[in-house]
Amino acid sequence: MSEFCDVALPVPLEAVFTYRLSAELPVPAVGARVLVPFRAQRMLGVVTALHDNPPPVEAKNIVDVLDSEPVLGANLLRLGRWIAQYYLAPIGEVFRGMLPLSAEMKRTRVLSITDAGREALYNSATIGSSLRSRKAHEEQIAGLRVLDFLANRESAPESALRALPDASKAVLTDLLRKKWIVREDLSSAREAGRFERFIVLGQAAKGKPTPQQVKILQALEDAGGRLRANDLRARGLSPGALETLLKRGTVKMLVEPKALGVSTLKAKGGAGLALTAAQEQARARILHAIAQQKFHVALLHGVTGSGKTAVYLSAMQSVLASGRSAILLVPEIGLTPAAAANLHQLFGDEVAILHSALSADERAQQWHRIRAGKAKIVVGTRSAVFAPVANLALIVVDEEHDASYKQEETPRYHGRDVAVMRAKLEGAAVVLASATPSLESYYNAGQGKYELIELRERVEQRPLPQVEILDMRQEFQQTGEDHIFSRTLSGEIRECLLRGQQAMVLLNRRGYSVVVLCRACGETVQCKNCAIALTHHKQAHALECHYCGYRQPVPKVCPRCKSEHIFFLGTGSEKLEERLHSEFPQARIGRLDRDTVRRRGDFERVLGAFDSGELDLLVGTQMIAKGHDVHGVTLVGVVGADFALGFPDFRAAERTFQLLTQVAGRAGRGDMPGRVVLQTYFPEHYAIQFAARHDYAGFCEKELRYRRWMNYPPFTSVANVLVRSGKLEQALQFAGLLGNWFDKNKSKGLRVMGPAAAPIVRLKKDYRYHFVLKAESRENLNRTLRGMIAHAAEKKIPRTSLIVDVDAVSLL
């Protein structure tokens, strides 16, 4: 039997840690979770190896074994190791991201007084305080009260202690620093999930029941012998009478996992998906690839409204009928309810949902359903790619071009690319679906790496919407005023409403005003944590940073010169909604953005109202542009379509084209033709011109030519290396050290640009400088980045101060 195990822990270190196995615990399997001590706390980790090789230092014992079987099977372990190697992420942090099981650990930390603390408490009573500062004296008194509280007990939970008025974080930190108290981590495993209690009829009643007991028994009989305990309480039935019946065995209590709710959005289509001839051909090609039971990637490229969803849902039906499993990835939480509604109608209880909006208990509950084989169809955002399905046949990545598939924190993986790799390891098929595929995927299809399946027409031969480009420069010259929406768009909306039809208006900016400016001195109100202007939110009466979340009241005078001439510049979706209410007071208007979708159910409520015809106009950011199939929409207005073209990012044109094409595709999906009014200050830009013509191939040809000239993906591999520190001098020092290393370690086919200030030079209190690396060879790029990380460790640059983003989607 092995004596030691290697454990991957969720810490920012490129290493695994060796622990001694305990004779009192079962031997964990590779891929199982264990609870281990790490420094002054306990952590959950994943076993990566069992062996008999003692480490150079004394190994600590594992505390507990959580799993009798691996939670990460062989293929998922291999996938995790590939992510760690390819994206240069610590393996423990990768495994943590793959397992949505944080709820299965009960975090418990206790504090107790030390001998030094008891001595300090005694001396304070006999000697008194010598502090002159009033603040220091108050902090000392608070600390002594905490010591006095702990002196009367063996220990106390930190959570309970923090509830005391004197036990502030600063006070406890000071006592820990002085070693007057010690903290001990007693965290342990717990059963996760949401549960509910049911009362069921048991054995025949013994003796004569009381009137209250008779009421309980009668209620159970009327309900078929089973009722929720909460329902009995809601009827005002006696808890004491229920307790007596439970003791006698007349009734029994069952504890069962609580069923998770399904989307209330109306599903599109019936259980029998009727396909057109083109859709049937696309489905047949996907099923042929699945039948081979070999790794295969297909790019399903269809115009908006061509029925891509019906094609892959039909393929998933065939997968389930064969007894195998499928995963559907959607880019954002907002798409998940709609996808879940369709899938639940088709597959019933075979569907499981995995995304970050679920509570920790709900995620764990769904994960265990999948692992137990109770759900063979999984739908969710990027992390659902790690779902522990057995016999995986198909992975569908819907809207595969979407940037939200790229994780913006460690591990910085791309969900689409991880899906392709998982399919390769599992011998499964992948379908990448989009009306505007990423250039990387389209290029791979052109090179023969992916099979290209095209749907070139909308279902029922519905026409694509007509797009009118409106030059806002001319609008200003003709009116002499800067309008949010033009006379043309205003007239089109009015006519649309008179016809009893629906319209959508896109403005991809949140808030009311973008900048708050002093007209006297020119000062803009900036975030205190970031080098970014605060956005005015009128309804909340606040200025907010959309990066760190900092908020402050709207100033009445300039913070710099105290002038009262405060001016609000720019327009966000909140102001756009207000202006539309003003111009069309009879219209029923809704808004979809991050400000209106705060709680679970908000998205479904607004979109459901629009879909059912309860709203005439829907205003919002890019949330309204993706995947929504509302047949009553005949008009789409795009306000400020060209904001993204000014971003310092080589993907700016691609993102603009994709957003415009996607939002335009919301119009004319029913029996009535659609129309799009696209307002812009850059009407001649090729991204806008090609989007207006629905010419994806033309845009790709031009954009790929530019990318080839400039050595950008898909012709090279790109990584963004960012150094950060709360101190400007330290950030500059780190950047200089890495810059010198890159200069001394140049290699053929690799170009390093930087160091330079990041486009947002200060973010969340950290100063940021970055390097952009472009390499012809992925192996060369990976080797260089590993050497850079090793050099950073030698120079004592903290790993948390160094961000390595391979295949970076954003350079901001």
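Of the strands (runs of 3 or more DSSP E) lying entirely inside the range 414-473, those containing at least 2 residues that are farther than 21 Å from THR661 by Cβ and either of a type in the set (A, V, I, L, M) or out of contact with any strand residue (DSSP E or B) (no Cβ under 7 Å at 6 or more places or on another chain) (or both) are 429-434. For the range 654-694, which positions are open to solvent by 30 Å² or more (accessible area, probe 1.4 Å) and of a type in the set (Gly, Ala, Ser)? Residues satisfying the conditions do not exist here.
Out of (1) in a helix (DSSP H, G or I); (2) charged (D, E, K, R); (3) more than 23 Å from HIS546 (Cβ to Cβ), the odd one out for ASP671 is which? Among (1) in a helix (DSSP H, G or I); (2) charged (D, E, K, R); (3) more than 23 Å from HIS546 (Cβ to Cβ), the lone unmet condition for ASP671 is (1). Taken over the range 25-61, the criterion of being closer than 14 Å to ASP185 by Cβ, open to solvent by 10 Å² or more (accessible area, probe 1.4 Å) and touching a residue at least 12 places away in the same chain (Cβ under 8 Å) is satisfied by PRO37, PHE38, ALA40, GLN41, ARG42, MET43, LEU44, LYS60. When residues in the range 551-564 are screened for being in contact with a Leu (Cβ under 9 Å, 6 or more places away or on another chain) and open to solvent by 50 Å² or more (accessible area, probe 1.4 Å), 2 of them pass. Where helices (runs of 4 or more DSSP H) fall entirely within the range 132-179, those with at least 3 residues that are within 18 Å of LEU121 (Cβ to Cβ) and open to solvent by less than 60 Å² (accessible area, probe 1.4 Å) are at 134-151, 169-177. Within the range 613-625, the residues that satisfy the criterion of being open to solvent by 20 Å² or more (accessible area, probe 1.4 Å) and touching a residue at least 60 places away in the same chain (Cβ under 8 Å) are GLY613, LEU615, ASP616, GLN622.
If you take the residues in the range 92-116 that are β-branched (Val, Ile, Thr) and open to solvent by less than 30 Å² (accessible area, probe 1.4 Å), which one is nearest to ASP807 (Cα to Cα)? That would be VAL94. Among the residues of the range 198-215, those that are closer than 13 Å to MET253 by Cα and either assigned to a helix (DSSP H, G or I) or not β-branched (Val, Ile, Thr) (or both) comprise PHE198, LEU201, GLY202, GLN203.
Which residues, taken from the range 284-301, are open to solvent by 50 Å² or more (accessible area, probe 1.4 Å), in a helix (DSSP H, G or I) and in contact (Cβ under 8 Å) with a residue 24 or more places away in the chain?
ARG285
Note on the range 778-812: among residues that are part of a helix (DSSP H, G or I) and β-branched (Val, Ile, Thr), the one that is surrounded by the most Cβ atoms within 10 Å (Cβ to Cβ) is THR784.
Residues of the range 390-410 that are of a type outside the set (Gly, Ala, Ser) and buried (at least 22 other Cβ atoms within 10 Å of the Cβ): LEU392, LEU394, ILE395, VAL396, VAL397, ASP398, GLU399, GLU400, HIS401, ASP402, TYR405. Answer yes or no as to whether VAL505 is open to solvent by less than 70 Å² (accessible area, probe 1.4 Å), farther than 30 Å from PHE610 by Cβ and in contact (Cβ under 8 Å) with a residue 24 or more places away in the chain. Criteria not met by VAL505. So which residues in the range 732-769 are free of Cβ contacts under 8 Å to residues at least 40 places away in the same chain and either polar (S, T, N, Q) or within 12 Å of LEU802 (Cα to Cα) (or both)? Across the range 732-769, the qualifying residues are GLN733, ALA735, ASN740, SER747. Checking each residue in the range 596-610 for being more than 22 Å from ASN342 (Cα to Cα) and surrounded by 19 or more Cβ atoms within 10 Å (Cβ to Cβ) picks out only THR596. Looking at the range 489-508, is at least one residue closer than 13 Å to PHE567 by Cα and of a type outside the set (Phe, Trp, Tyr)? Looking for residues that are closer than 13 Å to PHE567 by Cα and of a type outside the set (Phe, Trp, Tyr), one finds none in the range 489-508, hence no. The set of residues in the range 400-419 that are modelled with pLDDT under 95 and either among the small types (Gly, Ala, Ser) or within 25 Å of ALA284 (Cα to Cα) (or both) comprises ALA403, SER404. Of all residue pairs spaced 6 or more apart or on separate chains, those with beta-carbon atoms under 6 Å, a first member in the range 158-181 that is closer than 19 Å to ARG107 by Cα and a second member that is modelled with pLDDT of 85 or more and among the basic types (Lys, Arg) are GLU158/ARG109. Could you go through the range 139-156 and let me know if any residue there is out of contact with any Cys (no Cβ under 7 Å at 6 or more places or on another chain) and at pLDDT below 85. Yes - at least one qualifying residue is present in the range 139-156. Of the residues making up the range 231-246, those that are more than 13 Å from VAL200 (Cβ to Cβ) and open to solvent by 40 Å² or more (accessible area, probe 1.4 Å) are ARG233, ALA234, ARG235, GLY236, PRO239, GLY240, GLU243, THR244. Within the range 88-122, the set of residues being assigned to a helix (DSSP H, G or I) and of a type in the set (Val, Ile, Thr) comprises ILE91, VAL94. Among the residues of the range 636-653, are any buried (at least 21 other Cβ atoms within 10 Å of the Cβ), touching a strand residue (DSSP E or B) at 6+ places or on another chain (Cβ under 9 Å), in a helix (DSSP H, G or I) and not hydroxyl-bearing (Ser, Thr, Tyr)? Within the range 636-653 (the criterion being buried (at least 21 other Cβ atoms within 10 Å of the Cβ), touching a strand residue (DSSP E or B) at 6+ places or on another chain (Cβ under 9 Å), in a helix (DSSP H, G or I) and not hydroxyl-bearing (Ser, Thr, Tyr)), the answer is no, since none of the residues qualifies. At least 2 residues being within 25 Å of ILE803 (Cβ to Cβ) and at pLDDT below 95 is the threshold, and among the strands (runs of 3 or more DSSP E) wholly inside the range 1-87 those reaching it are 41-51. When you go through ALA433, ALA375 one by one, which is the residue that is under 23 Å from the mean Cα position of the chain (by Cα), at pLDDT below 95 and aliphatic (A, V, I, L, M)? Answer to the check: ALA375.
Conditions (1) within 18 Å of GLY640 (Cβ to Cβ); (2) open to solvent by 30 Å² or more (accessible area, probe 1.4 Å); (3) touching a Leu at 6+ places or on another chain (Cβ under 8 Å); (4) among the charged types (D, E, K, R), marked per residue:
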site: GLN474; (1), (2), (3), (4): yes, yes, no, no
site: GLY491; (1), (2), (3), (4): no, no, no, no
site: CYS496; (1), (2), (3), (4): no, no, yes, no
site: GLY511; (1), (2), (3), (4): yes, no, no, no
site: ALA520; (1), (2), (3), (4): no, yes, no, no
site: THR524; (1), (2), (3), (4): no, yes, yes, no
site: CYS530; (1), (2), (3), (4): no, no, yes, no
site: ALA540; (1), (2), (3), (4): no, yes, no, no
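Out of curiosity, is ASP766 open to solvent by 20 Å² or more (accessible area, probe 1.4 Å), modelled with pLDDT of 95 or more and of a type outside the set (Phe, Trp, Tyr)? The answer is yes for ASP766. When HIS581 is tested against (1) open to solvent by less than 30 Å² (accessible area, probe 1.4 Å); (2) under 21 Å from ASN508 (Cα atoms), just one condition goes unmet, and that condition is (1).
Can you say whether VAL772 is over 15 Å from SER801 (Cβ atoms), open to solvent by less than 50 Å² (accessible area, probe 1.4 Å) and at pLDDT 95 or above, as far as the supplied structure shows?
The answer is yes for VAL772.
The values are calculated or read from the model by the stated rules, or taken from the named source; none is laboratory data. All values derive from a computational prediction rather than experimental measurement. In this analysis, Cβ positions are derived from the backbone assuming ideal geometry, glycine residues included, and neighbour counts consider all displayed protein chains. Just so you know, the surface numbers come from the protein's heavy atoms only, side chains and all, with ligands and any DNA or RNA stripped out. Shrake-Rupley method; radii C 1.70, N 1.55, O 1.52, S 1.80 Å.
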